[in-house]
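To start, the structure under review is shown below, and the notes come after it.
The values are calculated or read from the model by the stated rules, or taken from the named source; none is laboratory data. Please read these numbers as outputs of a predicted model, since none were measured by experiment. Using ideal geometry, Cβ is built from the backbone for each residue, glycine included, and neighbour counts are taken over all protein chains shown. Remember, those area values only see protein heavy atoms, side chains included, never the ligands or the DNA or RNA. Shrake-Rupley method; radii C 1.70, N 1.55, O 1.52, S 1.80 Å.
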Amino acid sequence: MSADLTGTYLTLDDGRPAVRFSRTYDHPVDRVWQFVTDPDELAHWFPSRAEIDLRPGGTIRFSGDPHMPESTGRVLAVDAPRHLSFDWGGEELHFDLEALDEKRTRFTLTDVLAAEDTAARNGAGWEVCLTALDARARGERHDGPHAGTGAPWKEFYRGYLDAGVPSGAPVPGLD
């Protein structure tokens, strides 16, 4: 089975590598903002539990990821309900929301990578996470990003490798 890849590897204007994902959700922007900022909503799809002090310079506490130790990050920017960015483990995550109309929102996640060789690994991880978010947005039950052997992470990873996306970084839980 071949995985359908939704991420794009790119180099930002400042030269940093990134992977970017975009979705359209049949929800108003305020609801999608909850998916991105509410710890109980994030728990359904984000790799770690994230408790966010939602202000520039605020602390984010990450916990519960079986492949990562508990850690903290810092909120870089907030423009509710359109933009949130924060640092996490040496990377930056940018969430941009655009209201397409009263009931639909374009969601864009940009993972600004600490190193180019993490692109395939992180891209595959976000595919799994965003599959869980997609299910949540549709009102469907999903086991989340740590669904064990049922999660198609390896298929996504293989797809990114086959597409020539930079790779080589260690894979938590496998290396």
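List the number of the failed condition for H94; all other conditions in (1) in a loop (DSSP other than H, G, I, E, B); (2) under 15 Å from the mean Cα position of the chain (by Cα) hold. (1) is the only condition that H94 fails.
From the list E155, E140, the one residue that fits, being farther than 21 Å from Q34 by Cα, surrounded by fewer than 23 Cβ atoms within 10 Å (Cβ to Cβ) and at pLDDT 90 or above, is E155. The number of residues in region 6-30 being farther than 17 Å from E91 by Cβ, touching a Pro at 6+ places or on another chain (Cβ under 7 Å) and open to solvent by 30 Å² or more (accessible area, probe 1.4 Å) comes to 1. Scanning region 97-121 for residues that are in a helix (DSSP H, G or I) and surrounded by 22 or more Cβ atoms within 10 Å (Cβ to Cβ) yields T118, A119, A120, R121. Taking region 1-83 and the strands (runs of 3 or more DSSP E) fully enclosed by it, the elements with 1 or more residues that are within 14 Å of T108 (Cα to Cα) are at 8-11, 17-25.
State all residues of region 54-73 that are at pLDDT 95 or above and open to solvent by 60 Å² or more (accessible area, probe 1.4 Å); if no residue qualifies, say none. L54, R55, P56, R61, T72 - these are the residues of region 54-73 that are at pLDDT 95 or above and open to solvent by 60 Å² or more (accessible area, probe 1.4 Å). Applying a threshold of 6 Å to beta carbon distances and a minimum spacing of six or more residues, or different chains, the list of pairs starting in region 25-54 at a residue that is within 23 Å of L100 (Cβ to Cβ) and ending at one that is open to solvent by 30 Å² or more (accessible area, probe 1.4 Å) and aromatic (F, W, Y) is empty.
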